[in-house]
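See structure below.
The values are calculated or read from the model by the stated rules, or taken from the named source; none is laboratory data. Everything numeric in this text was worked out from a predicted model, so none of it was measured. All Cβ positions, glycine included, derive from the backbone under ideal geometry; neighbour counts span all protein chains shown. Side chains are part of the model used for accessible areas, which takes the heavy atoms of the whole protein and leaves out ligands, DNA and RNA. Shrake-Rupley method; radii C 1.70, N 1.55, O 1.52, S 1.80 Å.
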Amino acid sequence: MPPLAPDDVSGLGVLFRLKRNGFGAFPARCFHQPVVPLRALGKTLVLAPGSEAIKAVLTTQSGSFQRLRMGRRVLSPIVGEGILVSEGDVWRRQRRAMAPAFTPRVVPTLARHIAVCAGDALPAIPTGTSVDVFGLTQTLALDIAAVTMFSMTSATFGGILRRMVTSFMMGIGQPRPTDFLLPPSVPTLVDWRRARFRRRWVALIEAIIAERPVLENGEEARDLFDLLVRAFGVNGMTPGQAVVDEVATMIVAGHETTATALFWAIWLLGRVPRWQEAVAEEVGHVDLSPEGAAAALTALPVTTAVVREALRLFPPAFMTGREAVEDVALCGQIVRRGAMLLLPFWMLHRNPGLWRDPDAFDPGRFLDGPEPDRFAFLPFGAGPHVCIGAQLAMTEAVLVLARLVQLYQFAVVDDEPVLPVGVLSTRPSRAVRFRFTPRG
């Protein structure tokens, strides 16, 4: 892990550190104090890392908070007015519109798509040379998104899409202190660059959508995109821009977060061979073909535990934020209207008061004993805004990891440290190369 902020860090210091790396923005006292109030240029910034504080903000007192306006400022260039940034009635209509695309009944279809993509890509991994694993997981996650969402491959647009997402994540998508402190009506130079990115990004998404044949009346929906188009129409929303924004949201949130989750799971197994072999023993005779993938999910408890432990240590959504819309009591402290709150999920996941050996990689914690407390483990958030695609993400990560271990033994090529970098998701600090050896 990168070094934590000093305990006497100011609110402005936290905001500056967030631009560089969200995993180094918070002080160690956040592990012991449920609420840490700070000041940043006259504004109140509240760090809320405690389990009870997070539970209150996201669920029991969620009506007293709204999403940070900073989130809209930073994310709108890439997700528009999509479900990741919307609020109130607009958000509720979007959630209802998208819900049918993410119900349990679609899991068998999605599992088949995932298995097809994994079956095409993973056997082609070169052996006898080193492989950039994050690049591999990004490419595969994007292929899966293309198939499940558009019933098409990413061959024609995958490269430029990955480059644009990476450029945004590591550049203008990094939150600046001005994003938190200035009202939306006051533009900055970065906002101008984001607007220019937005024009190019929307043109790309529209070009991807334009490649699809139009669904005729009476035809069954082929994929998530068709379900979205029909659902948005039924809910009285304009299909055009609304669908563009939700497609962009699913591409970014879906492929980026799953790619990072898969990377960290693979990296951890590469560093801890005994758990890699435990997964190999489990998947040795499991049918991971397109026909058997959905049924295989219940036969993969060890693989699932590895993914959950990777999500605990390196959650792709490492933090969320809220703004108080009224004065509210939070864990014995009064949070005033207008205060900004940051909820670092990653600190919750590594809190020594909630987890045994919190910094250790131990998937056994999800295999033996009771389930962790609901508000000790939040890789997909909680409350009304819980991630709508959580089940799809878990299905994809578990099936891909199982198939990879079924095919190969793998290890990290070098011992150079790899740190998590929290920007909009939890990326590795460098390209990490692995060597793959076919099994049996």
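Across segment 300-336, what is the total count of residues that are in a loop (DSSP other than H, G, I, E, B), under 28 Å from Thr260 (Cα atoms) and open to solvent by 20 Å² or more (accessible area, probe 1.4 Å)?
Residues that pass the stated criteria total 2.
Does Val90 count as free of Cβ contacts under 8 Å to residues at least 24 places away in the same chain, touching a Ser or Thr at 6+ places or on another chain (Cβ under 8 Å) and under 20 Å from Ala248 (Cβ atoms)?
no
Being within 18 Å of Leu341 (Cβ to Cβ), touching a residue at least 24 places away in the same chain (Cβ under 8 Å) and not in a helix (DSSP H, G or I) is the filter; apply it to segment 1-24 and report the residue that is most open to solvent (accessible area, probe 1.4 Å).
The selected residue is Ser10.
So that you can scan it fast, the table gives a plain yes or no per residue for (1) touching an Asp or Glu at 6+ places or on another chain (Cβ under 9 Å); (2) surrounded by 24 or more Cβ atoms within 10 Å (Cβ to Cβ):
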residue	(1), (2)
Thr260	no, yes
Leu268	yes, no
Pro273	no, no
Gly284	no, no
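Being open to solvent by 10 Å² or more (accessible area, probe 1.4 Å) and touching a residue at least 60 places away in the same chain (Cβ under 8 Å) narrows it down to one residue among Gly369, Gly383; which is it?
None of the others qualify; the one that does is Gly383.
Taking the residues in segment 115-146 that are in contact (Cβ under 8 Å) with a residue 60 or more places away in the chain and touching a Cys at 6+ places or on another chain (Cβ under 8 Å) as candidates, determine which candidate is surrounded by the most Cβ atoms within 10 Å (Cβ to Cβ).
The extreme case among them is Ile144.
Can you pull out the residues in segment 142-188 that are aromatic (Phe, Trp, Tyr), touching a Phe, Trp or Tyr at 6+ places or on another chain (Cβ under 8 Å) and either over 30 Å from Arg230 (Cβ atoms) or modelled with pLDDT of 85 or more (or both)?
Phe168
With the requirement that a residue be in contact with a helix residue (DSSP H, G or I) (Cβ under 8 Å, 6 or more places away or on another chain) and open to solvent by less than 60 Å² (accessible area, probe 1.4 Å), what does segment 79-90 give you?
Val79, Gly80, Gly82, Ile83, Val85, Ser86 - these are the residues of segment 79-90 that are in contact with a helix residue (DSSP H, G or I) (Cβ under 8 Å, 6 or more places away or on another chain) and open to solvent by less than 60 Å² (accessible area, probe 1.4 Å).
Here is a list: Ala40, Ala115. Which entry is aliphatic (A, V, I, L, M) and farther than 22 Å from Pro183 by Cα?
Unique residue meeting the criteria: Ala115.
Quick one: in segment 153-182, of everything that is assigned to a loop (DSSP other than H, G, I, E, B) and touching a residue at least 60 places away in the same chain (Cβ under 8 Å), which residue is farthest from Leu47 (Cα to Cα)?
Ile172
When both residues are 6+ apart or on different chains and their Cβ atoms are under 6 Å apart, which pairs have a first residue that lies in segment 183-200 and is within 25 Å of Val244 (Cα to Cα), and a second that is among the β-branched types (Val, Ile, Thr)?
Final answer for the pair search is Val190/Ile172; Arg193/Ile172; Arg194/Ile172.
Taking interchain pairs and intrachain pairs at least six residues apart, which have beta carbon atoms under 7 angstrom, with the first residue in segment 422-440 and part of a strand (DSSP E or B) and the second open to solvent by 60 Å² or more (accessible area, probe 1.4 Å)?
What qualifies is Arg433/Val413; Phe434/Val413; Arg435/Val413; Phe436/Thr127; Thr437/Thr127; Thr437/Gln409; Pro438/Thr127.
Of everything in segment 226-238, what is over 20 Å from Ile78 (Cα atoms), open to solvent by 10 Å² or more (accessible area, probe 1.4 Å) and at pLDDT 65 or above? Give them in sequence order.
Leu227, Arg230, Ala231
Step by step: first the residues of segment 239-273, then only those that are modelled with pLDDT of 85 or more and among the β-branched types (Val, Ile, Thr), then the one that is nearest to Arg435 (Cα to Cα). Which residue is that?
Among them, the one singled out is Ile266.
Looking at segment 337-354 only, could you name the residues that are assigned to a loop (DSSP other than H, G, I, E, B) and either free of Cβ contacts under 8 Å to residues at least 40 places away in the same chain or open to solvent by 60 Å² or more (accessible area, probe 1.4 Å) (or both)?
Within segment 337-354, Arg337, Pro352, Gly353, Leu354 qualify.
Looking only at segment 360-373, which residues are modelled with pLDDT under 90 and either under 24 Å from Arg92 (Cα atoms) or small (Gly, Ala, Ser) (or both)?
Gly369
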